[in-house]
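In what follows, a single structure is set out as structure tokens and then discussed.
Quick note: the coordinates plus some simple rules give every number you see, no bench work behind them. It should be emphasised that the depicted structure is a prediction, and the values quoted were computed from it without experimental measurement. Please note: Cβ atoms are built from the backbone with ideal geometry, for glycine as well, and neighbour counts cover all protein chains shown.
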Amino acid sequence: MKNICVGISGVGSYVPEKIVTNHDLSKIVETSNEWIIERTGIHERRIADDDMATSDIATKAAINALEDARLRPEDIDLIIVATVTADHAFPSTACIIQKNIGAVKAAAFDISVGCSGFVYGLSIGENFIKSGTYDKVLVIGAETLSRVVDWQERNTCVLFGDGAGACVLEKCEEGFGILSIELGSDGSNGEVLVQPAGGSRLPASMDTVENRLHFIKMDGKEVFKFAVRVMERASTNALEKANLQLGDLDFLVPHQANMRIIDAAAKKLKLEKDRICVNLNKYGNMSSASIPVALDEAVKDNKINKGDNILLVAFGAGLTWASMTIKWSRREDR
Ligand code: ACO
């Protein structure tokens, strides 16, 4: 049987216009530009206007990705949205985007995998295409984390930003496209990164609001240790599954949470700085949107060429991790 290969045929992204700098944050919590840059690498982040929800910024990223893939919305068979900041508990953000873009024949659903969500989404899309169920899948990572960040809590509010990125998956030339996938979860350690209230465990009440339980709670040190450990393991496992050596890798597109985490992964992978896509300094941690936004910027800057070996690697709430190797299948002049 002929091997079906699945690759990325279009990429797009959108970040809100409003920029919030470290200096701006130092006026609302006890922090400083120097502390934030030294401990995280973040200089500024984008924040969505009050009247914008996750589906609004995701719709813009989706339209950009469709244009890039030269497809019409009605060509799309499936929309997968990775997000932890959905517009509502239901309906799904994917269904709202389906309506917004007019993808009339598409099935649509959300997945909740924290910052690993976009890579999980790509793997689901790839499997739907490989199984012959669908031909064209739109995968989106989109977040408005500004809505669930506690702006009185300096340990977390300096870290996050809003944004959206999207990719179109389609069949591609044999030998190109997604080469390997590594997904993992450790639910036993999930309490280190959690939004405690608003679900069935702690429904919204005066008490949950007064105790600020609808905001992100994070044990930064534990998440940091976990991240450094799994970024290396997930990366080397994905490379091994694809029969790639470290020297075969052209670009690393890591989840953008903390420059020290990215540097540690790069050191273990023996990668020079110019082979790592970094945009954390401009946008902070956009959770599931970090990787597709970084990938879109690298593609639009003509950094990634046909035949390049790319490694995506992420970690996030759950706890979860995900990595994927891709032999880039698009020509840069498309
Ligand atoms: N400004 C100034 N001081 C601060 C700030 C701040 N913004 N935040 C914390 N501090 C203080 C702390 O209170 C602490 O003070 P203390 O010693 O008097 O108690 C001191 O700085 C050191 O704090 P640490 O927590 O030890 O700082 P650390 O070097 O670990 O950096 C950080 C904290 C940046 C949060 C780091 O642990 C980290 O990046 N962790 C991973 C976070 C992450 O990746 N999250 C992903 C979320 S993914 C998702 O799914 C949403």
### Cβ-based net charge around Lys171, under 11 Å, with every Lys or Arg adding one and every Asp or Glu removing one
-2
### Query
So what's the convex hull volume per residue for the Cα atoms of the chain, in Å³?
130 Å³
### Message
Loop only by DSSP, 11 or fewer other Cβ within 10 Å of the Cβ. Give me the chymotrypsin sites (Phe, Trp or Tyr not before Pro) in segment 1-109 that pass, ordered by residue number.
### Response
none
### Task
Treat the count of other C-beta atoms within 10 Å as a stand-in for reagent exposure and order Thr21, Thr85 from fewest to most.
Thr21, Thr85
### Task
Sum up the lysine pairs in segment 5-175 that clear both bars: alpha-carbon distance under 21 Å and a spacing of 8 or more or different chains.
11
## Note on the structure
Counting lysine pairs in segment 191-288 that sit 8 or more positions apart or on different chains, with Cα atoms under 17 Å apart, gives 4
### Query
Where does each of Lys2, Lys268, Lys327 land when they are ranked from fewest to most other beta-carbon atoms within 10 angstrom?
Lys2, Lys268, Lys327
### Query
What chymotrypsin sites (Phe, Trp or Tyr not before Pro) does segment 147-247 have in DSSP loop regions with at most 12 other beta carbons within 10 Å?
Trp151
### Summary
Counting Lys and Arg as +1 and Asp and Glu as -1 over every other residue whose Cβ sits under 11 Å from the Cβ of Pro196, the net charge comes to +2
### Query
Mean separation of Cα pairs under 8 Å and 6+ residues apart, divided by the residue count of the chain: what relative contact order is that in percent?
25 percent
### Task
May I ask you to sort Met259, Met206 by Cβ crowding, counting other Cβ atoms within 10 Å and putting the fewest first?
Met206, Met259
### Query
Classify segment 228-333: rounded, prolate or oblate, from the alpha-carbon gyration tensor (a ≥ b ≥ c, eigenvalue square roots; a/c under 1.5 rounded; otherwise prolate if a/b is larger than b/c)?
oblate
### Query
For the chain, which longest stretch is free of loop sites, where a loop site is one of the GluC sites (Glu not before Pro) that DSSP puts outside H, G, I, E and B and that has at most 16 other Cβ atoms within 10 Å?
31-152
## Note on the structure
D (µm²/s, integer) via Stokes-Einstein for segment 59-185, Kirkwood Rh across alpha-carbon pairs, 20 °C, 1.002 mPa s: value 140 µm²/s
### Summary
Loop-resident trypsin sites (Lys or Arg not before Pro) in segment 86-146 with no more than 16 other Cβ atoms inside 10 Å, DSSP not H/G/I/E/B, are Lys105
